[in-house]
Amino acid sequence: MSFNQFILKEQYEKVKGLGDRLELMKEQIDWEPFIPLVSKIFHDNEKEVGRPHTDELIIVRSMLLQGWYGLSDPELEFQCHDRLSFRNFLGFPEIIPDFTTIWKIRDKLKEKGIDDKIWNELQRQLDEKGYKIKKGVIQDAAFIESDLGRKRHYKEKQAKKKGETIEYTEKQKQHIDKDASFSVKHGQVHYGYKNHIKLDVDNHLIRELEVTTASLHDGEIDLVKKGDKSAYRDKGYFGKKLKAGNVEDMTMKRGTRAGKINGGEQKRNKMISKIRAPGERPFGVIKRVFNGGRTLVKTIGRVKIKEIFKCFAFDLYQLVTLERKKLAVAMQNQ
């Protein structure tokens, strides 16, 4: 341990005494299995010589910090240098990766499919901790807002009316979002993407996710799998049968041209609504607590890996809540 690390740790003790949720979240899972997953993107082994790479755990934890606090890559670099709680969460490293390194590594994780493996490892650990799906799952979706580029959009509309086309340079094309799309819901126009998630009824942990463009209907994505017991979904999924035939379909019903729903169906909808209401909480936490309702990246692949780490961050956040509930119950029973 260097003298600098010793001083920082001593200063952190005061922060820890005031209550540091990051420290609690760091204790919820085993971090070691993530090391061999992330190490696959580097080429500094015995066969392929290269300079020493960034520590794998620092990479995973940096991206989680970004998910929790809604930070851009430059802001992430600054805050990792500035905040003691961030330094502690990273393990007080001597070297903190700069923002360009984080960007490049995130792209490599996406290109090699390591982001999905990181997510699967988290899910394995949740099952191992006893948080398996028992009562059923909830599926829902929310918009991820993207930057429209209003000035460019206005020029394109004007050019289209005149029958003209606008030519862009290669540099300009890099800043144009080709995967985002428009969608209208409850009279509000959204531009960007959608995050579709599945969480368990028992513990409200996110178990699956899929990212699509905003215009794709919620019902086109089916995250329910064999063994999920029951699937609770809102009226937006009405008419879309589950692919997993052994799962009880608890989708809310809605009126059609053939007729309105009857009293029994209304009661059933209310019952389903009470169970699936917690499905809105992850989106509320990610948008309001994590400031993660918008995206600054421009392709669906990059949006997906960002959302994976936001959902990873939510699950750790929820694990702390579950552990606190267990502690409260234990204290009441004493």
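The values are calculated or read from the model by the stated rules, or taken from the named source; none is laboratory data. Values in this document were obtained by computation on a predicted structure and should not be read as measured data. Positions of Cβ are generated from backbone atoms using ideal geometry, with glycine treated the same way; all protein chains shown enter the neighbour counts. Side chains are part of the model used for accessible areas, which takes the heavy atoms of the whole protein and leaves out ligands, DNA and RNA. Shrake-Rupley method; radii C 1.70, N 1.55, O 1.52, S 1.80 Å.
Within a straight-line Cα-Cα reach of under 22 Å, LYS326 can be paired with the following lysines, leaving aside sequence neighbours fewer than 8 residues apart in one chain: LYS16, LYS26, LYS129, LYS132, LYS134, LYS135. Across the range 213-262 the C-alpha pair distances fall into 10 Å bins from zero in the proportions 24, 47, 26, 2 percent. Its Cα centre serving as origin, the range 66-142 has a Cβ charge dipole (Lys and Arg +1, Asp and Glu -1) of approximately 480 debye. Think of the range 94-173 as having a plus end and a minus end, set by charges on the Cβ of Lys, Arg, Asp and Glu; of PHE143, ALA159, THR100, ALA159 sits farthest toward the positive end of this dipole.
Straight-line reach from LYS40: which aspartates and glutamates have Cα under 18 Å away, leaving out those fewer than 8 places along the same chain? Once the sequence-local aspartates and glutamates are set aside, what remains near LYS40 is GLU32, GLU48, ASP55, GLU56, ASP107, GLU111, ASP115, ASP116, GLU121.
Ratio of alpha-carbon Rg to the 2.2 N^0.38 Å globular estimate for the range 31-123, to two decimals, please.
Here the answer is 1.07, to two decimals.
With respect to the cross-link table entries LYS112/LYS151; LYS112/LYS171; LYS173/LYS306; LYS194/LYS226, which display a Cα-Cα separation exceeding 27 Å? From LYS112/LYS151; LYS112/LYS171; LYS173/LYS306; LYS194/LYS226, over 27 Å: LYS112/LYS151.
Given the chain, what percent of its DSSP beta bridges are antiparallel, to the nearest 5? Once the DSSP bridges in the chain are tallied, antiparallel ones form about 75 percent. Once divided by 2.2 N^0.38 Å, the Cα radius of gyration of the range 290-334 becomes 1.75. Split the accessible area of the range 1-116 by element, probe 1.4 Å, and carbon with sulfur accounts for 53%. Computed about its Cα centre, the charge dipole of the chain is approximately 2060 debye, with only Lys, Arg, Asp and Glu carrying charge at their Cβ. For the range 158-219, what is the convex hull volume of the alpha-carbon atoms per residue, in Å³? With only Cα atoms used, the range 158-219 gives 140 Å³ per residue. Taking each residue as 0.36 nm, the span from SER215 to ALA330 lengthens on full extension beyond its C-alpha to C-alpha distance by 36.7 nm. Helical content of the chain, expressed as a calculated mean residue ellipticity at 222 nm, amounts to -14500 deg cm²/dmol (DSSP H runs of 4 or more residues, -39,500 (n - 2.57) each, divided by residue number, nearest 500).
Take every pair of alpha-carbon atoms less than 8 Å apart whose residues are at least six positions apart; their mean separation over the length of the range 144-201 yields a relative contact order of 46 percent.
In terms of the Cα gyration tensor, with a ≥ b ≥ c the square roots of its eigenvalues, is the chain rounded because a/c is under 1.5, prolate because a/b exceeds b/c, or oblate? Cα axes put the chain in the oblate bin.
Listed by chain and number, the aspartates and glutamates whose alpha-carbon sits under 14 Å from that of LYS325, ignoring those within fewer than 8 places in the same chain, are ASP202. Centre-to-centre, using Cα atoms only, the range 91-127 and the range 1-46 are separated by 14 Å. Place a label point 7 angstrom from the Cα of PHE6 along the Cα-to-Cβ direction, then list the residues of the range 74-101 whose backbone nitrogen is under 20 Å away. What the label zone holds, given the 20 Å backbone N cut-off, is 88, 91-95.
Taking every pair of Cα atoms in the range 77-141, average 1/r, invert it to obtain the Kirkwood radius, and report Rg/Rh to two decimals. In the range 77-141, Rg relative to Rh is 1.12.
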